[in-house]
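What follows draws every value from the coordinates through simple rules; no lab data is involved. Please read all numbers here as calculations on a predicted model, not as lab measurements. Neighbour counts are summed over all protein chains in view; Cβ atoms, including those assigned to glycine, are modelled from backbone coordinates with ideal geometry.
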Amino acid sequence: MIVLGIETSCDETSAAVVRNGREVLSNIIASQVELHAPFGGVVPEIAARRHIECIGFIVDEALSHAGVALADIDAFAVANGPGLAGALLVGLNYAKGLAFVQKKPLVGVHHIEGHVCANYLGRDDLEPPFLAVVVSGGHTLLLAVEGYDTYRVVGSTRDDAAGEAFDKVARVLGLPYPGGPQIDLAAQGGEAAIPFPRAKIDGFDFSFSGLKTAVLQHIAREEKNGGDGVNIPNIAASFQKAVVDVLTERAVSACKHEGFDTIVLAGGVACNSALRRTIVAACEQNDLRLFKPEPIYCTDNAAMIACRGYYRLLAGGADGLQLNAYPGRMC
Ligand code: KG4
Ligand code: ZN
């Protein structure tokens with residue numbers, strides 16, 4: 001089954017062609033980062049307007065890269081939430097148009113479930129059950145994935161998402177948007193010696209707002225003392241270590257608690273080099289298998305949407321042309 005996936009939930013316009021859920025024939029991504037950077041964050045209306053300019057070209061490019069014609073596509077999968085309403089509607093309506101004209105099934109995909117499915121792309125050695133660590137700009141979730149269509153939330157953030165914390169701390173450090181990759185880079189020249197707090201919450205939940213406040217207080221204190229102590233690389237490395245330590249510790253304990261032997265990483269923050277390194281070491285120590293998608297499949301992309309759409313279709317999950325967008329829907 002060849003599925004064309006479409007992703008327009010935030011600031012990436014993406015289309016991909018995926019065979020049987022796992023073989024990526026093409027994955028085209030047009031990033032809007034430069035468009036939003038002057039505003040320090042994604043401007044929803046600008047995002048939607050850029051999607052509408054790009055979507056036709058991106059879908060055409062995905063088809064031609066894959067070497068397939070529109071008539072070869074067996075189904076159309078589209079991310080229909082969560083995300084920005086106007087942005088989601090562009091991809092959703094485009095997918096509806098294609099499905100209607102081609103008389104082929106349309107399937108709506110939960111964006112976060114798509115992130116988890118990024119781990120299936122290009123490989124045939126991963127099947128549920130496993131523990132998924134979803135760390136993106138909007139979500140921090142530990143999911144017990146029991147089957148292709150069944151999962152439970154075992155942990156989530158009580159306040160900021162991991163990516164949101166990275167972006168906010170980057171902003172106070174004066175680093176450009178998007179902040180996550182900038183902190184990752186700055187941290188490489190720093191020492192993680194500042195003892196920022198690790199929130200201790202019962203169970204497998206997270207909280208990052210106290211950490212963000214501690215970074216702010218540290219900067220304010222150093223500035224009051226003359227400013228020489230505001231060492232961006234050291235602050236970035238110490239903040240990053242605090243986030244990574246908590247994510248890794250909770251992921252490993254949740255995995256063991258569920259009785260699974262596999263952890264998978266997902267979402268934009270899964271690109272973080274320290275997280276990748278630390279969780280590899282922790283999984284080796286604890287005899288757990290670890291899957292971490294290539295960075296291109298961690299950030300928003302349509303290949304993961306096509307993969308999730310494929311598994312939804314196998315389970316009989318096709319949608320009708322009345323399918324709507326659900327900007328705020330959670331797991
Ligand atoms: O999954 P994603 O592309 O979009 C959402 O669904 O939110 O994640 C974007 C988030 C942003 O907060 C970005 O700063 C963060 O992922 N991010 C990183 C890195 N690369 C992207 N955070 C830390 N280190 C990175 N290398
Ligand atoms: Zn995402």
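Annotations for the structure displayed:
- Across q = 0.07, 0.10, 0.12 Å⁻¹, the chain modelled as identical point scatterers on its alpha-carbon atoms has Debye log10 I(q)/I(0) values of -0.28, -0.57, -0.81, in the order of the q list.
- Taking the charge dipole of the chain about its Cα centre, with +1 at Lys and Arg Cβ atoms and -1 at Asp and Glu Cβ atoms, the residue from Val243, Gly190, Leu314 reaching farthest to the positive side is Val243.
- The chain: relative contact order as a whole-number percent, Cα under 8 Å and 6+ apart: 25 percent
- For the range 175-331, a simple Cβ point-charge model (Lys and Arg +1, Asp and Glu -1, everything else neutral) yields a dipole of about 200 debye relative to the Cα centre.
- Rounded to 5, percent antiparallel among DSSP beta bridges of the range 135-293: 65 percent
- With contacts taken as Cα pairs under 8 Å at a separation of at least 6 residues, the range 81-174 carries a relative contact order of 17 percent.
- Among the trypsin sites (Lys or Arg not before Pro) in the range 255-331, those placed in a DSSP loop whose Cβ has at most 14 other Cβ atoms within 10 Å are Arg329.
- Only aspartates and glutamates eight or more places from Lys104 in sequence, or on another chain, were considered; those with a Cα closer than 17 Å are Asp72, Asp74, Asp319.
- With K and R counted +1 and D and E -1, the other residues having a Cβ less than 15 Å from that of Val154 yield a net charge of -1.
- Set Lys200/Lys241; Lys200/Lys292; Lys212/Lys241 screened for pairs whose C-alpha atoms are more than 19 Å apart: Lys200/Lys292
- Listed residues Gly21, Gly83, Ile201: farthest to the positive end of the dipole of the chain (Cβ charges): Ile201
- Charges were assigned to the Cβ only: +1 to each Lys and Arg, -1 to each Asp and Glu. The resulting dipole of the chain about its Cα centre is roughly 380 debye.
- Net charge of Cβ neighbours under 11 Å - reference Leu84; Lys, Arg +1; Asp, Glu -1: -2
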